[in-house]
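Some notes on the structure that comes next.
The values are calculated or read from the model by the stated rules, or taken from the named source; none is laboratory data. What you are looking at is a predicted structure, and each value in this text was computed from that prediction instead of being measured. Cβ placement follows ideal geometry from the backbone for every residue including glycine, while neighbour counts extend to all protein chains displayed. The protein model used for the area step is the full one, side chains on, heavy atoms only, and it has no ligands, DNA or RNA in it. Shrake-Rupley method; radii C 1.70, N 1.55, O 1.52, S 1.80 Å.
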Amino acid sequence: MERTSYFKNKLFFLITTSLILMLILAVRTPSMNRPIPKPLGAPAPCPSLVSEESITPLQNTAHLLVSAYMDQRVDGFDVRIIGIFKRDSIQPLDCFFCCLYQLSTSTPARILPHSDHFGFPYGTTDVLCQIPQSCNATHVTLLTQPTPVKPFNQTWLPIRNKKTSESEERRFDFTVCISSLFGDYNNVLQYTQALEMYRLLGVDRVVIYKTSCGPELSHLLESYSQEGFVEIVPWPISEHLNPSHGWLHSEHGGDVHYFGQLTTLNECIYRSMQRSRYVLLNDIDEIIMPYQHDNLTSLMNMLQQQHPNVGEFLIENHIFPKIHFEPSGRFHLRQWSRVPGVNILEHIYKEDPDRTIYHPHKMIIQPRSQRPKLLKRNLGSVSRSRFNQL
């Protein structure tokens with residue numbers, strides 16, 4: 001009995017000792033399922049407050065910032081910030097950069113309000129900035145004083161158009177920039193016909209700044225966006241200002257001309273600068289239609305050969321009224337009868353222009369021209385069902 005009790009006590013001791021050793025190993029040995037702590041690395045390259053919006057309020061001012069682009073065409077400056085500034089409260093500003101791993105010293109900004117504002121309190125404004133030496137700038141903001149009180153509370157804009165390779169820069173021949181889309185506009189049929197016409201004419205991308213539109217048109221634009229032909233830029237101008245539905249402040253009131261139309265078209269030029277050879281600034285009810293060439297690129301190749309130093313071509317508007325119809329009715333298609341909007345194919349009669357008054361123009365520009373010369377061409381256009389004929 002004593003021998004049996006001895007073995008039982010020894011077995012109990014061995015089991016207890018083994019359990020204690022296993023418990024110690026389990027505590028000291030990290031589990032394979034336990035997350036391994038990340039090693040400490042370099043600090044974050046930028047503060048976290050980076051704007052992902054297309055309109056960003058500038059702290060301590062009444063101004064709005066839209067975007068920032070590399071632009072070294074003006075001596076002494078490297079970055080152009082596009083904004084919408086309150087014209088009666090423009091004060092000196094400083095540029096403040098986020099470099100690759102550090103914040104920069106500030107540099108004085110050069111503020112360039114645009115001359116076209118049509119009497120509205122707010123107008124398109126460019127701000128030129130110089131990047132400090134030894135700063136590989138990735139983001140920029142503007143300050144109302146040279147040294148920020150709380151540098152990490154600034155809201156930063158990413159700097160776009162930083163050069164990569166030439167093959168990546170020149171992806172498109174032609175980009176069309178469409179004026180601001182707002183209200184309950186739902187002209188689906190004309191929008192579709194205009195987009196398909198531009199596709200046939202060799203346009204690679206259509207950029208649309210969208211505040212709002214009708215539901216059918218919104219669905220249409222989303223389908224074009226998914227296939228890559230249309231780029232939709234959200235434009236929530238109504239959240240920041242009281243935008244005007246008209247072009248003249250004395251008649252239409254509001255804070256800014258036509259939902260910020262001038263700002264969006266200028267922004268589109270810089271957005272397209274490194275990826276498009278030509279940019280056409282246009283309304284959706286207008287089409288520049290070459291009649292001696294199959295597409296817009298071949299047209300522009302001819303014009304550039306004739307005028308090698310010209311970087312901006314102005315095309316005169318001509319109106320094809322929607323109250324007059326093509327008499328045969330061959331374009332009055334039954335399958336389009338339930339599509340909301342104007343069928344531009346039915347309107348083929350052009351008004352005789354009144355040469356005693358000024359006729360508006362549309363632009364085709366080379367966005368990378370250093371100092372573009374301008375050429376006016378009485379080459380035609382379509383409006384209200386409006387086509388520009390070249």
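Please report the relative contact order for the stretch 45-204, taking Cα pairs under 8 Å with a sequence separation of at least 6, and give it as a percent rounded to a whole number. Intermediate results must be reported in sequence, preceding the final value.
On the way: 278 pairs, mean separation 37.2, N = 160.
Reported relative contact order: 23 percent.
Loop-located chymotrypsin sites (Phe, Trp or Tyr not before Pro) across the stretch 45-149 with a Cβ neighbour count of 12 or fewer within 10 Å are TYR101, with loop assigned by DSSP.
With a simple spin-label model that places each label point 7 Å from the Cα along the Cα-to-Cβ direction, the separation between GLU222 and ARG355 comes to 5.1 nm.
For the stretch 302-364, trypsin sites (Lys or Arg not before Pro) meeting the loop criterion (DSSP other than H, G, I, E, B) and having at most 15 other Cβ atoms within 10 Å: ARG330, ARG338, ARG355.
Rounded to the nearest 0.05, what FRET efficiency do GLU52 and ASN136 have when you use their Cβ-Cβ distance and R0 = 25 Å? Working shown, then result.
Working: r = 22 Å, r/R0 = 0.87.
It comes out at approximately 0.70.
Fully extending the segment from TYR185 to LEU100, taken as 0.36 nm per residue of separation minus the present Cα-Cα distance, adds 26.2 nm. Hey, any idea what % of the stretch 75-213's accessible area is carbon plus sulfur with a 1.4 Å probe? Answer for the stretch 75-213 is 51 percent, counting heavy atoms of protein chains only.
So which chymotrypsin sites (Phe, Trp or Tyr not before Pro) in the stretch 266-374 are both in a DSSP loop and have at most 13 other Cβ atoms within 10 Å of their Cβ? Display every interim value, and only then the final one.
Values: sites: TYR270, TYR278, TYR291, PHE313, PHE325, PHE331, TRP336, TYR349, TYR358; in loops: TYR291, PHE325, PHE331, TYR349, TYR358.
Those that pass, being in a loop and sparsely packed, are TYR291, TYR349, TYR358.
For GLU326 and ASP116, what does the FRET efficiency come to when R0 = 45 Å and r is the distance between their Cβ atoms, rounded to the nearest 0.05? Calculated value: 0.75.
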